[in-house]
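K.L.:
Below is a structure I'd like to ask you about.
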Amino acid sequence: MELRHLRYFVAVADEQSFTRAAERLHISQPPLSRQIQDLEEELGTPLFERGSRPLKLTEPGRFFYSHATRLLEQAAQAARATRRVARMERRLVIGFVGSTMYGALPRLVRLFRAERPQTEIALEEMSTIDQIEALKAGRIDVGFGRIRLDDPAIKRELLREERLVAAIPQEHALAIPDKPLVLAALENQEILVYPKRPRPSYADQVLALFRDQGMQPAAVHEVQEIQTALGLVAAGMGICVVPTGVSRLRPDEVVYRPLSDAQAVSPIIMSTRVHDQNEDIVLLRALIERIYQEQAEARRRAAAEAAVQGGVSG
């Protein structure tokens, strides 16, 4: 069995027609049919229901299709990686969801550039779902998202659970800066969520927080971007639940209150290709650990200073 057999089989399965598959592959139909017959003989089972229109896969054919597409993608990834090595390319493409840009991502990029100046870094904002497809297609090398999605070709690592805060219009009765708030206080409020698409998304995480407690907001308004959501909050159009890192935006127009509910968190997940041992990705992971250790140490120092000041004032 050769890769061309897999390509021919997948083309016929996708097109559901030998004629259209032959056109897609730029070959005539008779040799394509022979190649599929040879493949079926080697596997010892029919892969297509020949009498069906459009052409349908048999049960063994559906099983083989899932493996064939995966093998072809792995082969394509290997070819792309080899070409990059041959050209001595040093380029790391990072996909990210917008809210991570307000957390540790900018510092991570600065540290990486200082450690590895010969590697070009490119940043592309995209949803978690789009990151998975971009990783498999080789368009990005690593993704930072918030949605738990399983794919056998992707390695996913939970970096941390980020606490959530409520972004509230300044004139709102709940606008008490920094004072913790329970999610139940938002039950009868108008809630802004983002992004509107694709789904599932961070919007579904927020709505699930309400559903899990048997609560229903007065209204839910979907917008596409976090900046739009916060602009509407500033205009008094509703309240938005956002990750803590976002709370530095619009500080003069929006009041942020931390949500005290234990489940009011959003994961930050790093995604890479399963077998990708690129040294740049290894360095990236080490730098992430360094940033989180520094942040933990800063929190410990702040807590110690607060305790000392509290003892003096008492």
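K.L.:
Can you confirm whether Ser271 is within 19 Å of Leu108 (Cβ to Cβ) and in contact (Cβ under 8 Å) with a residue 12 or more places away in the chain?
P.N.:
yes
K.L.:
I need the full set of residues from segment 173-213 which are loosely packed, with under 13 Cβ neighbours inside 10 Å and among the polar types (S, T, N, Q), in order please.
P.N.:
Within segment 173-213, Asn188 is the sole residue that qualifies.
K.L.:
Considering only segment 88-116, state which residues are within 22 Å of Ile132 (Cα to Cα) and part of a loop (DSSP other than H, G, I, E, B). Quick ask: steps written out before the conclusion?
P.N.:
Filtering segment 88-116 down to residues within 22 Å of Ile132 (Cα to Cα) leaves 90-106, 108-109.
Listed by number, the residues that qualify are Arg90, Val97, Gly103, Ala104.
K.L.:
Follow-up. Taking Leu6 and the conditions (1) out of contact with any Asp or Glu (no Cβ under 9 Å at 6 or more places or on another chain); (2) part of a helix (DSSP H, G or I); (3) more than 21 Å from Glu73 (Cβ to Cβ), which numbered condition does it fall short on, given that it satisfies the others?
P.N.:
(3)
K.L.:
Could you tell me which of the residues Val282, Val242 is of a type in the set (A, V, I, L, M, F, W, C), at pLDDT below 95, closer than 24 Å to Met126 by Cβ and out of contact with any Leu (no Cβ under 6 Å at 6 or more places or on another chain)? Before you say what the answer is, go through the steps one by one.
P.N.:
Working: Val242 fails: at pLDDT below 95.
Step by step, each of Val282, Val242 is checked, and only Val282 is of a type in the set (A, V, I, L, M, F, W, C), at pLDDT below 95, closer than 24 Å to Met126 by Cβ and out of contact with any Leu (no Cβ under 6 Å at 6 or more places or on another chain).
K.L.:
For segment 263-282: of the residues being of a type outside the set (Val, Ile, Thr) and in contact with a Gly (Cβ under 8 Å, 6 or more places away or on another chain), which is surrounded by the fewest Cβ atoms within 10 Å (Cβ to Cβ)?
P.N.:
Residues of segment 263-282 of a type outside the set (Val, Ile, Thr): 263-264, 266-267, 270-271, 273, 275-280.
From what is left, the residues that are in contact with a Gly (Cβ under 8 Å, 6 or more places away or on another chain) are 270-271.
Working: Met270: 18, Ser271: 21.
Among residues in segment 263-282 that are of a type outside the set (Val, Ile, Thr) and in contact with a Gly (Cβ under 8 Å, 6 or more places away or on another chain), the one surrounded by the fewest Cβ atoms within 10 Å (Cβ to Cβ) is Met270.
K.L.:
For segment 37-73, give me each residue that is assigned to a helix (DSSP H, G or I), within 30 Å of Gly138 (Cα to Cα) and aliphatic (A, V, I, L, M).
P.N.:
Those that are assigned to a helix (DSSP H, G or I), within 30 Å of Gly138 (Cα to Cα) and aliphatic (A, V, I, L, M): Leu39, Ala68, Leu71, Leu72.
K.L.:
Another question, then. Got a sec? Which strands (runs of 3 or more DSSP E) wholly within segment 228-306 have at least 1 residues that are assigned by TED's automatic domain parsing to the domain that holds Gly103? Lay out the reasoning, then the answer.
P.N.:
On the way: elements: 239-243, 254-258, 265-273.
The qualifying strands (runs of 3 or more DSSP E) are 265-273.
K.L.:
Turning to a different aspect of this structure: Here are the criteria: (1) surrounded by 14 or more Cβ atoms within 10 Å (Cβ to Cβ); (2) over 19 Å from Ala184 (Cα atoms); (3) of a type outside the set (Gly, Ala, Ser); (4) at pLDDT below 95. Tell me which single one Glu225 does not satisfy.
P.N.:
Against the list (1) surrounded by 14 or more Cβ atoms within 10 Å (Cβ to Cβ); (2) over 19 Å from Ala184 (Cα atoms); (3) of a type outside the set (Gly, Ala, Ser); (4) at pLDDT below 95, Glu225 comes up short only on (1).
K.L.:
Related question: Can you work out which of the residues in segment 228-252 that are among the hydroxyl-bearing types (Ser, Thr, Tyr) and surrounded by 16 or more Cβ atoms within 10 Å (Cβ to Cβ) is nearest to Pro177 (Cα to Cα)?
P.N.:
To start, the set of residues in segment 228-252 that are among the hydroxyl-bearing types (Ser, Thr, Tyr) comprises 228, 244, 247.
Still in the running and surrounded by 16 or more Cβ atoms within 10 Å (Cβ to Cβ): 244, 247.
On the way: Thr244: 14, Ser247: 11 Å.
Per the criteria, the residue is Ser247.
K.L.:
I need the full set of residues from segment 12-63 which are among the charged types (D, E, K, R), surrounded by 15 or more Cβ atoms within 10 Å (Cβ to Cβ) and closer than 16 Å to Met1 by Cα, in order please.
P.N.:
Result: Glu40, single match.
K.L.:
Taking the options Ile129, Ile121, name whichever one is out of contact with any Cys (no Cβ under 9 Å at 6 or more places or on another chain), under 29 Å from Ala11 (Cβ atoms), surrounded by 14 or more Cβ atoms within 10 Å (Cβ to Cβ) and among the β-branched types (Val, Ile, Thr). Steps first, answer last, please.
P.N.:
Numbers: Ile121 fails: under 29 Å from Ala11 (Cβ atoms).
The unique qualifying residue is Ile129.
Yes/no matrix, rows are residues, columns are (1) out of contact with any helix residue (DSSP H, G or I) (no Cβ under 9 Å at 6 or more places or on another chain); (2) part of a loop (DSSP other than H, G, I, E, B):
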position: Leu149; (1), (2): no, yes
position: Val165; (1), (2): no, no
position: Lys179; (1), (2): yes, yes
position: Arg199; (1), (2): no, yes
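The values are calculated or read from the model by the stated rules, or taken from the named source; none is laboratory data. Keep in mind that this is a model prediction, so the values were computed, not measured. Cβ coordinates were reconstructed from backbone atoms using ideal geometry, including for glycine residues, and neighbour counts include every protein chain displayed.
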